[in-house]
Structures are given as C-alpha cells and as structure tokens.
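**Q** Sharing a structure below in structure tokens format, with a few things to ask.
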Amino acid sequence: MNNPDFYSHPTTIIDANCEIGKGTKIWHFCHIMPNCKIGENCNIGQNCVISPNVLLGKNVKIQNNVSLYTGLECEDDVFLGPSVVFTNILNPRSAIVRRDNYLKTQIRKGASLGANSTILCGIEIGEYALIGAGAVVTKDVKPYALVIGNPARQTGWVSEYGHKLHFDSEGKAICPEEKSHYLLNSGFCKKIQS
C-alpha cells in the first residue's frame, strides 16, 4: 500500500476503516483488520494479525508472530515481544459463538511483555510493568511490577527504564540508569520527584 504517512510491506493486507498513524511501519505478511486504530511511530513485525477494533497508542513495538484480538487496547510505548499470546474469551468453544462476550484487556503505557508470554483476557497490565518471557498472566498486574512464571507471580519492581529496583528501609529506590526516584508504599510503587 502506498501511503506517504506510513509504510506497509506489499504482502500486508489492510482492511477498510483503519486509522494508521504517521511514521508507523508494518512489515511482511501482516493483516490489519477493519476499524483498527494504530498510533504514530508504531512498528509491527512480520506475521502479525490485528483484529477488528484493536486500539494501539503511539510508539507501540510489536515483534514477529503476535496476534492482537478484538478487545485489546495498548497505550503508548508498549512493547510486545515475539510470539506474545493474547486471548479474548475465557471459555472458548468451537461450536458456540461468543463474539458478543469478548473481554477487554488493557496494556498501560510503557509496559513490556516478554517473548512467548500469555495474557489471559479481562485483565489490566499496569504502566511500566515488565512481564518475563514465557509468563502466563492470569490476573491484573500493578504498575512497575516485575512478574514471571506460570502462573505469573510478582517478584519485584522495575523502573521506567526496566531495571530492577532495590528499596531502602524508607521504601525509596533509584533507577541505576535514569537516576529517577521511586517510592514503595502500601504495596504500590510510584515514580516521585527527587
């Protein structure tokens, strides 16, 4: 598809009524289904399917072999690793049509999902959370949380740059790369002014 605002490989299929932001790149063998909204400067790797009505914010990076199903919303700066798996029905059956029962899954700003992780539908991944490779996420994930395993469990906290945070006795931590400050209070982590 020739479009001066975004690039799509000739093998990509883009259906009707899609909005694709300026600077976005869509690579080989992708299918963008009707009524999708894709923000500016996104990068969609090879062999991806984006189902009807999926919403992607700005600067979303999707690696190869990811299918994004109806009901999924990704905010700005989300990273989806290779072969991440999403669902949109909790109890699928081939012989029963449940298209009106899709559950919403929300991936908040800056979250990263590792390769081959599986995200069950109807949950929220908090901003800047980091989901380890191969994790199976069955419930909501707090902002800045680090979760791994099957089923996924939280093992710590990460900074916006993705570094594990080590809190002192006052519940304060500093990102080793960005030098930003974080506070752990009542089971939640947040970025604070230094």
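The values are calculated or read from the model by the stated rules, or taken from the named source; none is laboratory data. Everything numeric in this text was worked out from a predicted model, so none of it was measured. FYI the Cβ positions are ideal-geometry reconstructions off the backbone, even for glycines, and counts take in every protein chain you see.
**Q** So, in segment 131-162, of the ones that are among the basic types (Lys, Arg) and in a loop (DSSP other than H, G, I, E, B), which residue ends up surrounded by the fewest Cβ atoms within 10 Å (Cβ to Cβ)?
**A** Top of the filtered list is Lys139.
**Q** Mind checking which residues of segment 116-126 are surrounded by fewer than 22 Cβ atoms within 10 Å (Cβ to Cβ) and either among the acidic types (Asp, Glu) or assigned to a loop (DSSP other than H, G, I, E, B) (or both)?
**A** Asn116, Leu120, Cys121, Gly122, Ile123, Glu124, Gly126
**Q** Restricting attention to segment 158-177, does a residue exist that is touching a residue at least 40 places away in the same chain (Cβ under 8 Å), more than 23 Å from Thr70 (Cβ to Cβ) and of a type outside the set (S, T, N, Q)?
**A** yes
**Q** Here is a further query. So, Ile14, is that one of a type in the set (A, V, I, L, M, F, W, C) and over 16 Å from the mean Cα position of the chain (by Cα) or not?
**A** In short, yes.
**Q** Turning to a different aspect of this structure: Determine which member of the set Asn88, Asn35, Asn53 is buried (at least 19 other Cβ atoms within 10 Å of the Cβ), out of contact with any strand residue (DSSP E or B) (no Cβ under 6 Å at 6 or more places or on another chain) and in a loop (DSSP other than H, G, I, E, B).
**A** The unique qualifying residue is Asn88.
**Q** Going by the structure shown, is Glu40 modelled with pLDDT of 95 or more, part of a loop (DSSP other than H, G, I, E, B) and under 18 Å from the mean Cα position of the chain (by Cα)?
**A** Considered against the rule, which asks whether it is modelled with pLDDT of 95 or more, part of a loop (DSSP other than H, G, I, E, B) and under 18 Å from the mean Cα position of the chain (by Cα), Glu40 comes out as yes.
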